[in-house]
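Asker: Sending over a structure as structure tokens; questions will come in a sec.
Read-outs: derived from the displayed coordinates by stated rules, not from any lab. Here the structure is a predicted model, which means the values were calculated and not measured. Cβ coordinates were reconstructed from backbone atoms using ideal geometry, including for glycine residues, and neighbour counts include every protein chain displayed.
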Amino acid sequence: MTASGKFDIRPDIRFISRWDVEMRQSMTFVDPVHGAITVPATFVSDLASIRILREICRWCAITALTGGALVDSFPWARMALWVVAVIALALYGLLAGYGMRASILHDWLYTVGQLSRRECDAVYYRALTTGDGTARWRAAI
């Protein structure tokens, strides 16, 4: 029996694309509020979906370097793009690589739609902090 707030296993996954992973066996998280939640084998997840931060960083930096009508017309635009790029990169660095099991669980909860968005996010936070051992400040981000 798995303790409350814990996962039963480390997930066995395989990458099926650059961004997506497929579960090779089921995984259960025992949530203190909603009880046991099982993610079935063969479920496909994109994990934490934070690649948007990396893309924001990339395109702001490229635009700041290469210029363009907007950047050339407004001198402050280049600096603003660099600031946005650095902030996006810092956020990506803080979040990347944490909470794989919690992210898969969160994607499953959204997919089945039995819980509201607020409840899914609350389960995700609990799974991050108690199930995966992610620091509370990082989970809050």
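Asker: Can you list which of the chymotrypsin sites (Phe, Trp or Tyr not before Pro) found in the stretch 1-68 are DSSP loop residues with at most 11 other C-beta atoms within 10 Å?
Answerer: Trp19
Asker: Are there any trypsin sites (Lys or Arg not before Pro) in the stretch 1-105 that are in a DSSP loop and have at most 10 other Cβ atoms within 10 Å? List them by number. Walk me through the intermediate numbers first.
Answerer: Numbers: sites: Lys6, Arg14, Arg18, Arg24, Arg51, Arg54, Arg58, Arg78, Arg101; in loops: Lys6, Arg18, Arg24.
Of the trypsin sites (Lys or Arg not before Pro), the ones in loops of the stretch 1-105 whose Cβ has at most 10 other Cβ atoms within 10 Å are Arg18.
Asker: Run a plain Debye calculation on the stretch 1-97 (Cα atoms as equal point scatterers, no solvent) and give log10 I(q)/I(0) at q = 0.10, 0.12, 0.18 Å⁻¹, rounded to two decimals, same order as the q list.
Answerer: -0.48, -0.60, -0.87
Asker: Pull out the extension gain between Gln25 and Met79, defined as 0.36 nm times the separation in residues minus the alpha carbon to alpha carbon distance; nm, one decimal.
Answerer: Separation in residues times 0.36 nm, less the Cα-Cα distance, equals 14.7 nm.
Asker: Can I ask one more? To the nearest 10 degrees, how steeply does helix 75-95 sit against the main Cα axis of the chain, on a 0 to 90 scale?
Answerer: Roughly 20 degrees between the two axes.
Asker: Next up: Output needed for the stretch 59-126: three equivalent-ellipsoid semi-axes, defined as square roots of 5 times the C-alpha gyration tensor eigenvalues, in descending order, whole Å.
Answerer: Those come to 38, 13, 10 Å.
Asker: Angle, helix 100-112 long axis vs. longest principal axis of the chain, Cα atoms, 0 to 90°, nearest 10?
Answerer: So the helix axis and the longest Cα principal axis differ by about 80 degrees.
Asker: Can you run phi through the Karplus equation (6.51, -1.76, 1.60; θ = phi - 60°) for the stretch 14-20 and list ³J(HN,Hα) in whole Hz, with x for Gly and Pro?
Answerer: Values, residue by residue: 9, 6, 9, 7, 4, 10, 10 Hz.
Asker: Mind giving me the nanometre distance, one decimal, between the label points for Ser116 and Arg58, set 7 Å out from Cα along Cα→Cβ?
Answerer: 3.7 nm
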